[in-house]
Amino acid sequence: MTCKLFAPLLILAAACASSSSSKRESPKPPVTIHPNIRQAIHLAGFEQRRTEDGRLAIKMILSNRGTKDRPVIVTSDWLDTKGSHLERSTPRKVLVPRGGTYIYEDAAFSAEAVRCEIAVR
C-alpha cells in the first residue's frame with residue numbers, strides 16, 4: 001500500500017528535478033540594456049565560447065524593433081572565478097539599423113576570464 005503512495009511522489013520529484021535542471025542549462029545572458037533604449041533594442045541571441053588559445057569570447061545579436069537607426073555604446077567587463085574584475089573592453093559605438101540586427105563580438109585578453117558582463121547604452 002505504501003508503494004502506491006510513493007510512486008506518484010517519485011514521479012513528481014523526477015519531473016521537478018528535470019525541469020529545474022533544464023533551467024540551469026540555459027542561464028540568463030549577462031547583458032544589460034539601458035532602460036532608455038529597451039523599447040527599441042532587444043537581445044536576439046547570445047553565445048559564449050572559448051577561443052583556441054583558451055580565452056573567453058562572446059557573440060550577441062542586437063535587434064532594433066524601432067522605426068529609426070539606433071546608435072548604442074557596448075562595453076564588455078571580464079571577470080575571474082571569484083567575480084573579481086579583470087579587464088574592460090574599450091567602449092564600442094555601433095549602429096543598430098531600424099528593423100535590423102547588429103552582431104557584436106568580443107574576447108577577453110586574459111585566459112583567466114570565466115564570465116563577462118555586457119552593458120548596452
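The values are calculated or read from the model by the stated rules, or taken from the named source; none is laboratory data. Everything numeric in this text was worked out from a predicted model, so none of it was measured. Cβ sites come from the backbone with ideal geometry, for glycine too, and all protein chains shown count toward neighbours.
When only residues in the stretch 49-64 that are among the basic types (K, R) and within 23 Å of T101 (Cβ to Cβ) count, which is farthest from the chain's Cα centre (by Cα)? Working first, answer last.
Step one: list which residues in the stretch 49-64 are among the basic types (K, R), which gives 49-50, 55, 59.
Among the residues that remain, those that are also within 23 Å of T101 (Cβ to Cβ) are: 49, 59.
Working: R49: 12, K59: 9 Å.
Selected residue: R49.
Does A57 fit the bill of being modelled with pLDDT of 95 or more, under 17 Å from L95 (Cα atoms) and small (G, A, S)? Give the derivation first.
Details: modelled with pLDDT of 95 or more: yes; under 17 Å from L95 (Cα atoms): no; small (G, A, S): yes.
Judged against the criteria, A57 is not a match.
Name, by its number, the condition in (1) part of a strand (DSSP E or B); (2) over 14 Å from the mean Cα position of the chain (by Cα); (3) within 17 Å of G45 (Cα to Cα) that does not hold for I73.
(3)
Considering only residues that are surrounded by 15 or more Cβ atoms within 10 Å (Cβ to Cβ) and either modelled with pLDDT under 95 or not in a strand (DSSP E or B) (or both), which ones fall in the stretch 24-38?
Taking the stretch 24-38 as the starting set, the residues that turn out to be surrounded by 15 or more Cβ atoms within 10 Å (Cβ to Cβ) are 29-31, 33, 37.
Passing the criteria: P29, P30, I37.
Residues of the stretch 56-70 being surrounded by 11 or more Cβ atoms within 10 Å (Cβ to Cβ), among the charged types (D, E, K, R) and part of a loop (DSSP other than H, G, I, E, B), which ones? Break it down stepwise before answering.
Residues of the stretch 56-70 surrounded by 11 or more Cβ atoms within 10 Å (Cβ to Cβ): 56-66, 69-70.
Now restrict to residues that are among the charged types (D, E, K, R): 59, 65, 69-70.
Scanning the stretch 56-70 gives R65, D69.
Is at least one residue of the stretch 39-55 surrounded by 11 or more Cβ atoms within 10 Å (Cβ to Cβ), in contact with a His (Cβ under 9 Å, 6 or more places away or on another chain), among the aliphatic types (A, V, I, L, M) and not in a loop (DSSP other than H, G, I, E, B)?
Taking the stretch 39-55 and keeping what is surrounded by 11 or more Cβ atoms within 10 Å (Cβ to Cβ), we get 40-48, 50-51, 54-55.
Remaining after also requiring in contact with a His (Cβ under 9 Å, 6 or more places away or on another chain): 41.
Imposing the further condition that a residue be among the aliphatic types (A, V, I, L, M) reduces the set to 41.
From what's left, not in a loop (DSSP other than H, G, I, E, B): 41.
The answer is yes, given that some residue of the stretch 39-55 is surrounded by 11 or more Cβ atoms within 10 Å (Cβ to Cβ), in contact with a His (Cβ under 9 Å, 6 or more places away or on another chain), among the aliphatic types (A, V, I, L, M) and not in a loop (DSSP other than H, G, I, E, B).
Which residue out of A17, A13, A7 is at pLDDT below 95, surrounded by 11 or more Cβ atoms within 10 Å (Cβ to Cβ), more than 18 Å from the chain's Cα centre (by Cα) and outside any strand (DSSP E or B)? Working first, answer last.
Values: A17 fails: surrounded by 11 or more Cβ atoms within 10 Å (Cβ to Cβ); A7 fails: surrounded by 11 or more Cβ atoms within 10 Å (Cβ to Cβ).
Residue meeting the stated conditions: A13.
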